[in-house]
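The structure under discussion appears below in the form of structure tokens.
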Amino acid sequence: MYKIRDRKIKIAVFDTKQNDIDYFNAANQDGKFEISFFEERLDPDTAHLAVGYDVACVFTNDIVNKEVINILSDEMVDFVALRCAGYNNVDLTTAHKRLHLANVPNYSPYAVAEHAMALLLTSVRRIHKAYNRTREYNFDIDDLVGFELHGKTIGVIGTGKIGKKFINICKGFGMNVIAYDKFPDEKSNINYVDKDTLFKESDIISIHCPLTSYSKHMINKTSISKMKKGVIIVNTSRGGLVDSDALVEGLLSKKVGAACLDVYEDEANVFFRDLSNHIMRDDILARLLSMPNVIVTSHQAFLTDEALKNIADTTLKNIEEFFDKGFCKNEL
Ligand code: NAI
């Protein structure tokens, strides 16, 4: 039913950055696919751009809601290829009745795990402040006292592909690792505890679980109140896992000692854009960025050469498999 033999499969890539063009063109060197790149994010206003294409290829901040799914399926777009692992931006219930979807579940857990540790080390050794100082020939080391990770307790929430790699990195630093997972891996030797124990005992908490209706705002006013004073919160997973208002309150009251964020609840309005000549309209983000103990990167934990290559290769493989066989192993 899905075989297209008389012409190339046509793919509309949304929310395109130069990286996408470079890596997708490299993966499509043999010219098997006809790929068009659109800078626009997919949403109800831009969905018409996919008219005439077989596939809409989307990323983390594209919107694949009921309205978009209806437009795509009415326009005979058969397949939505997510070039990312998380799919909290997709209305799966509607999608299942109207079109097929696949993600890239395992492009490089090392990319995200290593970025989480990079953020944490930057924070605890004040690298971000030292970097700015030395560039201005300011070699003063006042206020740069950090602390050692060795011997500290880190609580890892979510022990899937990324969480497990992160745990290994933490063990390499001599940290005491405890973990919480809704579905613990009984075959592993991970030291699982319940969520409250993790909140209570961790010096640092790093989040590696998906954003679902169950996990939304798992870091909130109540959970922060259970944490150690000075706890460091690392979030490289999805912004909605942390209630940003509660995080700001926690930082202001010094209950939270530092935050390392690669993701942010309302990131869709700001991340992946150069807004340096604009006034920041997001007061919560502006507040967070004003704090010396908050480090924000704009959803770049995945951004390694290895991961980008895997993403482009697997996305095109997903599409090829689906149109050849009518199903694909990464189908959601
Ligand atoms: P995974 O599916 O391998 O692991 C997720 C783990 O979380 C599983 O063990 C699952 O049982 C657990 N889990 C599910 N619901 C939970 C809950 N409510 N509380 C605690 N644990 C729960 O996923 P993977 O590949 O490890 O990715 C984790 C997350 O990392 C993704 O969902 C995505 O949001 C995020 N991510 C972020 C990237 C970035 O660039 N910042 C890039 C790739 C993924």
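The values are calculated or read from the model by the stated rules, or taken from the named source; none is laboratory data. Predicted model, so just to flag it, every value in this text is computed and none were measured. Cβ coordinates were reconstructed from backbone atoms using ideal geometry, including for glycine residues, and neighbour counts include every protein chain displayed. When the accessible area is computed, the model is the full protein with side chains, heavy atoms only, and any ligands, DNA or RNA have been set aside. Shrake-Rupley method; radii C 1.70, N 1.55, O 1.52, S 1.80 Å.
By how many degrees, between 0 and 90 and to the nearest 10, does the Cα long axis of helix 109-124 differ from the longest principal axis of the chain? So the inclination is approximately 30 degrees.
In this structure Lys66 has an accessible area near 120 Å², from a 1.4 Å probe over the protein heavy atoms. The angle between the Cα long axis of helix 18-27 and the longest principal axis of the Cα atoms of the chain comes to about 50 degrees, rounded to the nearest 10.
Per-residue surface analysis assigns Glu136 an accessible area of about 140 Å², computed on protein heavy atoms at 1.4 Å probe radius. Enter the Cα centre distance for the pair region 276-320 and region 1-63, rounded to the nearest angstrom. Using only Cα atoms to place each centre, the spacing works out to 20 Å. For the chain, the Cβ-based charge dipole about the Cα centre amounts to some 1000 debye (Lys, Arg positive; Asp, Glu negative; other atoms uncharged).
Selection among Ser244, Leu289, Val177 by position relative to the dipole of region 109-296 gives Val177 as farthest towards the positive end (Cβ unit charges, Cα centre).
Could you work out the Rg to Rh ratio of region 109-296, with Rh taken as the Kirkwood radius (inverse of the mean 1/r over all Cα pairs)?
On the way: Rg = 16.4 Å, Rh = 17.1 Å.
Rg divided by Rh gives 0.96.
The stretch between Asn106 and Glu331 holds 79.7 nm of extra length on full extension. This uses 0.36 nm per residue minus the Cα-Cα distance. Across the alpha-carbon atoms of the chain, the computed radius of gyration and Dmax are 21.2, 69 angstrom.
Work through the residues other than Val256 whose Cβ is under 11 Å from its Cβ and net out their charges, Lys, Arg +1 and Asp, Glu -1. Walk me through the intermediate numbers first.
Details: positive: Lys228, Lys229, Lys254, Lys255; negative: Glu249.
Here the charged neighbours net out to +3.
How large, in percent, is the carbon and sulfur part of the accessible surface of the chain at a probe radius of 1.4 Å? Of all accessible area on the chain, carbon and sulfur atoms account for 50 percent.
In the chain, a dipole from Cβ-located charges (positive for Lys and Arg, negative for Asp and Glu) runs towards its positive end, and of His217, Thr60, Ile319 it is His217 whose Cα lies farthest in that direction. For region 148-216 versus region 118-139, the spacing of their alpha-carbon centroids is 27 Å. Computed over the chain, the per-residue total of -39500 (n - 2.57) for DSSP H runs of n ≥ 4 gives a 222 nm mean residue ellipticity of -10000 deg cm²/dmol, rounded to 500.
Net charge within 10 Å of Asn176 by Cβ-Cβ distance, Lys/Arg positive one each and Asp/Glu negative one each, not counting Asn176 itself? Around Asn176, the surrounding residues sum to 0.
Go through Ser298, Ser276, Ser213 and list them by solvent-accessible area, largest first, probe radius 1.4 Å. Display every interim value, and only then the final one.
Details: Ser298 50, Ser276 90, Ser213 120 Å².
The residues order as Ser213, Ser276, Ser298, largest area first.
Compute the long axis of helix 161-172 from its Cα atoms, compare it with the longest principal axis of the Cα atoms of the chain, and write down the angle in degrees, 0 to 90, nearest 10. That helix lies at roughly 30 degrees to the long axis. Each residue was assigned an accessible area with a 1.4 Å probe, and for Asp305 the value is about 90 Å². For Ser73, the shell of other residues with beta-carbons less than 13 Å away shows a net charge of -3, using +1 for Lys and Arg and -1 for Asp and Glu.
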